[in-house]
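The values are calculated or read from the model by the stated rules, or taken from the named source; none is laboratory data. Please read these numbers as outputs of a predicted model, since none were measured by experiment. We place every Cβ from the backbone using ideal geometry, glycine too, and count neighbours over all the protein chains shown. Just so you know, the surface numbers come from the protein's heavy atoms only, side chains and all, with ligands and any DNA or RNA stripped out. Shrake-Rupley method; radii C 1.70, N 1.55, O 1.52, S 1.80 Å.
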Amino acid sequence: MTADEPLVLGIETSCDETGIGIVRGTTLLADAVASSVDEHARYGGVVPEVASRAHLEAMVPTVHRALKDAGVAMSDIDAIAVTSGPGLAGALLVGVAAAKGYAMALDKPVYGVNHLAAHVCVDQLEHGRLPEPCMALLVSGGHSSLLMVPDVTSDVRPLGATIDDAAGEAFDKVARVLGLGFPGGPVIDRRAREGDADAIAFPRGLTGPRDAAYDFSFSGLKTAVARWVEARGRDGRPVPVADVAASFQEAVVDVLTRKAVRACRENGVEHLLIGGGVAANSRLRAMAAERCAAAGITLRVPRPGLCTDNGAMVAALGAEMVRRDRPPSTLGIPADSSMPVTVTQA
Ligand code: KG4
Ligand code: ZN
């Protein structure tokens, strides 16, 4: 880290995490996150109005905590970056409004950035400069996509995406069927460790020869798990939760890694990056490592804390935009709930 690299404050509010990150160049100085996940748990999913209200309450204290953690003053900040989309409109609006306010008060440039590109760029904070082009597999509660990334600040190309549920959504719904609570990913990951991944042969969506090579579908798998569990209940037999969790997880991870490695091979890309909340999954990390090693692909996966939504990822992308002399956004940055992945900057 050199003192002449820009000090960037990143604001993330696209879902249920109020994230404030502070980055200098590619060095992470602070990553303060306030989550409203507990407030949503009893509804079994994120309630947009509850999330927006929580962002509003958490914003200023979380900014102050990040500044304190980083040991810097607000006046030291060179630029502000904020998630412009995609995400929940009301939740995004809180972050965007805060970013504009800070940018105006400090008279500093502001960058409205794409949440998905930020999930890719965050890896720079852990593994150094991003190799480009790289392939990115982004898997979270809101999205599952395969992206070709020639330039994370300006050129992100979607190769495929889920045609129904996101991978994380499938984890959350299956966890509900198994009575494991919300969010489902971490608990399925944990329970699967005691189970047999080969116990039940669950379907692998969109893996037939005529199916779209890079698209995903998890809703058939989710239904298959629900039917299997129901049938057990009808027979009056106990549900082997760990085996169901392990077999379900194996099906998801098999499809994700198979398609990601294929995308690298067919497009001549040597680096695969996995990001988003589901990238915290231990089986996904292990199988991706095995399959990438076999295919001669270098794998990069940020540590779990950087995979889930946070402000550091937004700061990382903002810092990269400053470094590459990308023009800042205007103060008209929208809260764009359906911002396309091809639009890296608002
Ligand atoms: O990226 P993220 O924090 O928020 C969104 O943008 O959606 O991802 C949250 C999702 C949830 O669906 C959660 O169940 C899933 O990531 N998740 C996991 C794990 N940890 C979080 N899924 C599988 N295994 C995990 N260990
Ligand atoms: Zn996300």
| task | Restricting to the chain, compute how many DSSP beta bridges are antiparallel as a %, nearest 5. | result | 60 percent
| request: Enumerate by residue number the trypsin sites (Lys or Arg not before Pro) in region 258-333 meeting two conditions: DSSP loop (anything except H, G, I, E, B), and at most 12 other Cβ atoms within 10 Å of the site's Cβ. | output: R324
| request: Can you find, among S35, T162, M74, the residue farthest towards the positive end of the dipole of the chain? Put +1 on the C-beta of Lys and Arg, -1 on that of Asp and Glu. | output: T162
| query | Hey, how many Å between the Cα centroid of region 176-222 and the Cα centroid of region 54-79? | reply | 38 Å
| message | Accessible area per residue for the chain in Å², computed with a 1.4 Å probe and the full protein assembly in place, what is it? | response | 40 Å²
| remark: With +1 at each Lys and Arg Cβ and -1 at each Asp and Glu Cβ, the charge dipole magnitude of region 134-269 around its Cα centre, to the nearest 20 debye, comes out at 240 debye
| task | Give the angle, between 0 and 90 degrees and rounded to the nearest 10, that separates the Cα long axis of helix 219-234 from the longest principal axis of the Cα atoms of the chain. | result | 50 degrees
| query | Based on the Cβ-Cβ distance from D235 to R176, what FRET efficiency comes out when R0 is 25 Å, to the nearest 0.05? | reply | 0.75
| Taking 0.36 nm per intervening residue step and subtracting the Cα-Cα distance, what contour gain separates L331 from E49 on full extension? | 99.1 nm
| remark: Rounded to a whole number, the Stokes-Einstein D of region 150-215 in µm²/s (Kirkwood radius over Cα pairs; 4 °C; 1.567 mPa s) is 89 µm²/s
| message | Taking 8 Å as the Cα distance limit and 6 or more residues as the minimum spacing, I'd like the relative contact order of region 60-152 as a percentage. | response | 21 percent
| query | Given charges of +1 on the Cβ of Lys and Arg and -1 on the Cβ of Asp and Glu, with all other atoms neutral, how large is the dipole of the chain about its Cα centre, in debye to the nearest 20? | reply | 640 debye
| message | Run lengths n ≥ 4 of DSSP H only: what is the helix-derived mean residue ellipticity at 222 nm for the chain, with -39500 (n - 2.57) per run over all residues, to the nearest 500? | response | -13500 deg cm²/dmol
| said: If you restrict to DSSP beta bridges whose two residues both lie in region 1-129, what percentage is antiparallel, to the nearest 5? | reply: 60 percent
| request: In a Gaussian network model over the chain where Cα atoms closer than 10 Å are linked, find which of R24, R227, R65 has the largest mean-square fluctuation. | output: R227
| How many angstrom lie between the C-alpha centres of region 4-18 and region 285-309? | 24 Å
| Chain lengthening between D76 and D107 when straightened (0.36 nm per residue, less Cα-Cα) | 10.0 nm
| request: Can you run the Rg to Rh ratio on region 1-143? Use alpha carbon positions and the Kirkwood inverse-distance Rh. | output: 0.97
| note | Rounded to 0.05, the calculated FRET efficiency for the beta carbons of D151 and R227 at R₀ = 45 Å is 0.50
| request: Compute the separation of the alpha-carbon centres of region 89-132 and region 241-283 and state it in Å as a whole number. | output: 27 Å
| field | Accessible carbon and sulfur surface of the chain relative to its total accessible area, %, 1.4 Å | value | 52 percent
| field | Unit Cα scatterers, Debye sum, the chain: log10 I(q)/I(0) for q = 0.11 Å⁻¹ | value | -0.69
| message | Under a Cβ-only charge scheme (Lys and Arg +1, Asp and Glu -1), can you give me the dipole magnitude of region 2-159 about the Cα centre, in debye to the nearest 20? | response | 220 debye
| task | Taking only Cα atoms and a 10 Å spring cutoff, compute GNM fluctuations for the chain and point out the largest among T298, T162, T13. | result | T298
